[in-house]
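Presented below is the structure to which this report refers.
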Amino acid sequence: MNNQGDRSKSFTRRAFIVGAFQGMALAVLGGRLAWLQLAEGGRYKTLSDKNRINIKMIAPSRGEIVDRFGVPLAINNQNFRILIIPEQADDLEKSLQKLTGLIDFDDRRIKLVIEVSKKSASFVPIEVTDNLSWNEVAKIEVNLDDLPGMSIDEGEIRNYPFAEATGHVIGYVGAVSKADLNGEPVLTLPGFKIGKTGVEKSYDQYMRGRAGNKQMEVNVRGREIRELEEDVSRDGQRISLSIDAELQRYCQQRLSEYKSASAVIMDSYTGAVYAMASQPGFDPNLFTKGISAEQWEELMSNPAFPLNNKAISGQYPPGSTFKMMTALAALEVGNATPKTTVNCTGRYEFGKDKFHCWKLGGHGLLNVANALMKSCDTYFYKLSTEIGIDTIAAMARRFGLGEKYGFDLSEERAGLIPTKEWKMGKYGKVWQPGETIVSAIGQGYILSTPLQLAVMTSRLINGGSAVKPWLVGYIDDKKMYPDEWPKMGIKKSYLDVIKKGMDRVVNSKEGTAYGSRIEAEGMEMGGKTGTAQVKKINRAERARGIMNEDLVWKYRHHALFVGYAPVESPRYVVSVVVEHGGGGSAVAAPIAKDLLLETQKRNPAASDIKLSNVIERPKRHV
Amino acid sequence: MFDTVRLNTDQSIFQKLQNLGWGMVFLVCLVACIGFAALYSAAGGNIEPWASKQIERFLVGLVGLIIIALIDIKIWYRLTYPIFIIGFILLIIVEVMGHTGMGAQRWIDLGFIQLQPSEFMKIAVVMALARYFHAASQEEMRSIRFLLPSLIFIFLPVGLVLLQPDLGTSLMIVMAGVAMIFLAGAPIWLFITGGVLTAVSMPVAWYFMHDYQKQRVRTFLEPESDPLGAGYHITQSKIALGSGGIEGKGFLQGTQSRLNFLPEKQTDFIFTLWAEEWGLMGGLFLLTLMGLIFIYGIAIAWNCRHAFGRLLSMGLIVNFSLYVFINIAMVMGLIPIVGAPLPLVSYGGTSMLAVLVGFGLILSCNVHRDSKLPRMQ
């Protein structure tokens, strides 16, 4: 009994020890659990989410571009494409091979797809082909069981209904390049396109929209189990342009007979650009559908640079269209009055040099308005020597030459208005007085774009407002242009005499563009011709009787014309440059006439930009 | 010390039922319910296929538990060696003609149930040891000649289980057996010496291990080195547990487990699923319940007036707790994966039945704590 009692006590002790071990073990387990769930909980939570959440992005619809009347210029069309998930295709090549019998698909493209597939994980869908027709979609759909891993996906493709007519203004979209990647998630969407040129490029940020995303819970195999969260995508914003699409088309059409030309039609008061054409044009749809190597080669090798928007990036000597600047500069500094006359003898002697007027015999006695009308060179030679290049340059700059406006298209170029300082800085040489003389008639170093010439003309005839050109009127319903422009502070009487001269250029029998006058009452135009020398005909050639027309195309003169209409209360301004086209009065003025006539008939300034309702489009999932 | 009322050993069924130890039954049911909830969640919020069967088995087992508890401890005392021998024969049968499951032969297919004799053998070993030490005097407990034969009860079945091969169960039987010898009063120096010898023999054991066992040890030591291979289970289990946080992801919201990132979520990794969905709170709650069961079991052992009952109930509780520790430590990456279920919670027929039989015996010790058992064989 005693023995048993001792054993009982011993057992109680030892059972207590075992119990203590159990308690400790439980404490260790509890501690470990707390460590995993508290201290390391965050890390494991992340790991857990990575395990199970697949984020799927939802592509936003790209904002549309419409003209001032709401006519679509850039829209999104349905795009059916075939995607393949390599993992699900037993044999990628065999699978693709089956396509060749169904749609237009060949070995070269099979190779391309296989190449792409090697670069990405095997569960990532790859685009096999796109732009399928309904017929093709139907064919694929029927045979889908036979095409393991393939699926038909509905996306969007950019379409430009006006094709070549708006190619330069609207631009086009293209695949996101590595340099474009800036961390914005939408850019990483497969097949996402961004603007490469034109409005598509400069307003890309607004039209892009914001990608939504859908968090899908996936199982260990990546199969989707359920949707956790959806962050709705926001479609891009609509861009309403100042362009009148029909006028734009007319303008492009009108230039099409020339090898290389450009024109701008704008509103002298508001700065709205109604049309802006550059010949030769290109069809931006080529780029969205995938341009072939031959087509690309053709575009690139064309000496007239079809991809350049010459209306804003073509820089030409303004020629005689610059004479208004020289005249105004002289008027403002007081070296000339509207009544100042100069006697043109056909040449102007300055030191040892002789400068010829374009008219061999000379124009005789002329005042400012008539000098403009007849485009006498001597008159401006003389004024320029009195006031100097810097005065002329200052005036030209006030009229928007030699500067960028921060225009709605990034391809805009600044042109060049030389000064003494500029020449010293650029060439390290002193400005020569003779250079002032050639500058006075828009030759020499001076360069300007057709857009700048239109702006210059606008500022001349709108009463001296420093108007700037613009294309984008509204982003959705947000107004993007100012109601008023600052005054330049130029005396009305000076502007009036310039206007009088420009009126006479067209409407006086002695004017250089009389042949291109508009006879319709109330629609008359004023303007100024310009013929810019590209290559100086030297003495030897002159002696041999070589005329400009005999030179090869690239050495011929540029034909220019700046115009406005109607003469009474002017509103519309046009500038035309026909590269190596010959004379301004013979080639450029008739174009300007047609453009201004058409513009006045359509009268786009009569109504404000129409804001069509921004339609809510259904979201698409990629 | 001699309570006259308690000395009355002839209790009616009603009295026995009154003295059953319903607190323990309640705790067991509660833990089992946690298992049902976890299995329901493991099936994606579905009672099929696991929860329903588990409930069925539990209810059957619960009835068995009560019947076993009501059977006089003297009968169990007498049946001890026959049970051990039957269990041993079943183990041999498994070895000879058992079906292969999970790369090891562990099952006997009885038609309606696949029986795992090793589960019952653990109980039989504890019973046999309890009986062997029941009448031992303190002198005997100090004599090696008396102690050595007891090792037969341990190493005969362990040898067979190792042949299956089932390292986890073998180790558990050894540990439970060692605990029994300790509780019976063997000298402390024996255990110290044994511990040292075990440590020294580890490399030898490594040499005899199967490849999959070696791999498990390696994986345990460095799970992240092979996240998609052998270390996958541990890594995913830790992710699941860790991502549960304090409050858990919520019932039926355990993404890791339910999305099949977790292997064998309904059996060995059920604790992970539970703690992922219910967080630290749920995990600690379950551990606390287990702790209460241990305490209850120890209290029963303490109150038992005969050595057989003391050793039996204590041994079975140690056995149960070893299961709990090994399973939970395993899923938390504290020890290598050995393939041990969480008793009462994991899905599995034999395990559930064996555990309930064990609790039946513990409660029988409780009901018959004042019975007089023969001191000598």
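The values are calculated or read from the model by the stated rules, or taken from the named source; none is laboratory data. Please read all numbers here as calculations on a predicted model, not as lab measurements. All Cβ positions, even for glycine, are placed from backbone atoms using ideal geometry, and neighbour counts span all protein chains on display.
Residues that are modelled with pLDDT of 80 or more, among the aliphatic types (A, V, I, L, M), part of a helix (DSSP H, G or I) and on the phi < 0 side of the Ramachandran plot are absent from the range A:116-131.
If we scan the range A:386-405, do we find a residue that is among the hydrophobic types (A, V, I, L, M, F, W, C), more than 19 Å from A:Tyr316 (Cα to Cα) and outside any helix (DSSP H, G or I)? Looking for residues that are among the hydrophobic types (A, V, I, L, M, F, W, C), more than 19 Å from A:Tyr316 (Cα to Cα) and outside any helix (DSSP H, G or I), one finds none in the range A:386-405, hence no.
Conditions tested, residue by residue: (1) more than 7 Å from chain B (Cβ to nearest Cβ); (2) under 27 Å from B:Phe308 (Cα atoms); (3) modelled with pLDDT under 90; (4) touching a strand residue (DSSP E or B) at 6+ places or on another chain (Cβ under 7 Å).
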residue	(1), (2), (3), (4)
A:Phe11	no, yes, yes, no
A:Ile17	yes, yes, no, no
A:Gln22	no, yes, no, no
A:Val28	yes, no, no, no
A:Leu33	no, no, no, no
A:Leu38	no, no, yes, no
A:Gly41	no, no, yes, no
A:Thr46	yes, no, yes, no
A:Asp49	yes, no, yes, no
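The helices (runs of 4 or more DSSP H) located wholly in the range A:270-341 that include 2 or more residues which are under 23 Å from the mean Cα position of the chain (by Cα) and of a type in the set (A, V, I, L, M) occupy A:293-301, A:310-313.
Within the range A:433-477, the set of residues being of a type in the set (A, V, I, L, M), in a helix (DSSP H, G or I) and touching a strand residue (DSSP E or B) at 6+ places or on another chain (Cβ under 6 Å) comprises A:Ile437, A:Leu451, A:Leu453, A:Ala454, A:Ile461.
Among the residues examined, A:Leu597 does not qualify as modelled with pLDDT of 80 or more, surrounded by 14 or more Cβ atoms within 10 Å (Cβ to Cβ) and in contact with a Ser or Thr (Cβ under 7 Å, 6 or more places away or on another chain).
Restricting the range B:337-371 to residues that are within 20 Å of B:Leu115 (Cβ to Cβ) and among the β-branched types (Val, Ile, Thr), the residue that is surrounded by the fewest Cβ atoms within 10 Å (Cβ to Cβ) is B:Val357. Looking only at the range A:430-460, residues that are touching a residue at least 40 places away in the same chain (Cβ under 8 Å) and either hydroxyl-bearing (Ser, Thr, Tyr) or more than 14 Å from A:Arg398 (Cα to Cα) (or both) come to 21 in all. If only residues of the range B:121-141 that are touching a Ser or Thr at 6+ places or on another chain (Cβ under 7 Å) and without any contact (Cβ under 8 Å) to a residue 60 or more places away in the chain are counted, the one that is farthest from the other protein chains (Cβ to nearest Cβ) is B:Ala128.
Listed conditions (1) surrounded by fewer than 23 Cβ atoms within 10 Å (Cβ to Cβ); (2) among the charged types (D, E, K, R); (3) in contact (Cβ under 8 Å) with a residue 24 or more places away in the chain are all met by A:Asp377, apart from (1).
Taking the conditions (1) out of contact with any His (no Cβ under 8 Å at 6 or more places or on another chain); (2) more than 8 Å from chain A (Cβ to nearest Cβ) in turn, B:His306 satisfies each one other than (1).
Counting only residues that are in contact (Cβ under 8 Å) with a residue 12 or more places away in the chain, more than 8 Å from chain A (Cβ to nearest Cβ) and hydrophobic (A, V, I, L, M, F, W, C), which one in the range B:286-303 is nearest to B:Tyr132 (Cα to Cα)? Among those residues, the one meeting the criterion is B:Ile300. Of all residue pairs spaced 6 or more apart or on separate chains, those with beta-carbon atoms under 7 Å, a first member in the range A:160-177 that is closer than 22 Å to A:Val273 by Cα and a second member that is in a loop (DSSP other than H, G, I, E, B) and aliphatic (A, V, I, L, M) are A:Val169/A:Ile243; A:Val169/A:Leu471. For the range A:244-253, the count of residues that are in a strand (DSSP E or B) and either modelled with pLDDT of 90 or more or more than 14 Å from chain B (Cβ to nearest Cβ) (or both) is zero.
Yes/no matrix, rows are residues, columns are (1) within 22 Å of B:Arg305 (Cα to Cα); (2) not in a helix (DSSP H, G or I):
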residue	(1), (2)
B:Leu20	yes, yes
B:Gly23	yes, no
B:Val31	no, no
B:Phe36	no, no
B:Ser41	no, no
B:Ala51	no, no
B:Thr80	yes, no
B:Ile89	no, no
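So that you can scan it fast, the table gives a plain yes or no per residue for (1) farther than 17 Å from A:Ala59 by Cα; (2) over 21 Å from the mean Cα position of the chain (by Cα); (3) at pLDDT 85 or above:
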position	(1), (2), (3)
A:Glu154	no, yes, no
A:Ile157	no, no, yes
A:Pro161	yes, no, yes
A:Tyr172	yes, no, yes
A:Arg210	no, yes, no
A:Lys259	yes, yes, yes
A:Ala263	yes, no, yes
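Pairing each residue of the range A:396-412 that is under 10 Å from A:Val455 (Cβ atoms) with any residue that is surrounded by fewer than 20 Cβ atoms within 10 Å (Cβ to Cβ), provided the two are 6+ apart or on different chains, yields C-beta distances under 7 Å for A:Glu403/A:Arg397; A:Glu403/A:Ala414; A:Tyr405/A:Lys468. Residues in the range B:228-260 that are more than 14 Å from B:Trp278 (Cα to Cα), more than 10 Å from chain A (Cβ to nearest Cβ) and part of a loop (DSSP other than H, G, I, E, B) were compared, and the one that is modelled with the lowest pLDDT is B:Leu228.
One line per residue, one yes/no per condition, for (1) surrounded by fewer than 15 Cβ atoms within 10 Å (Cβ to Cβ); (2) within 14 Å of another protein chain (Cβ to nearest Cβ):
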| position | (1), (2) |
| --- | --- |
| B:Ser143 | yes, no |
| B:Pro149 | yes, no |
| B:Ile152 | yes, no |
| B:Asp166 | no, no |
| B:Ser170 | no, no |
| B:Met180 | no, yes |
| B:Ala186 | no, yes |
| B:Leu190 | no, yes |
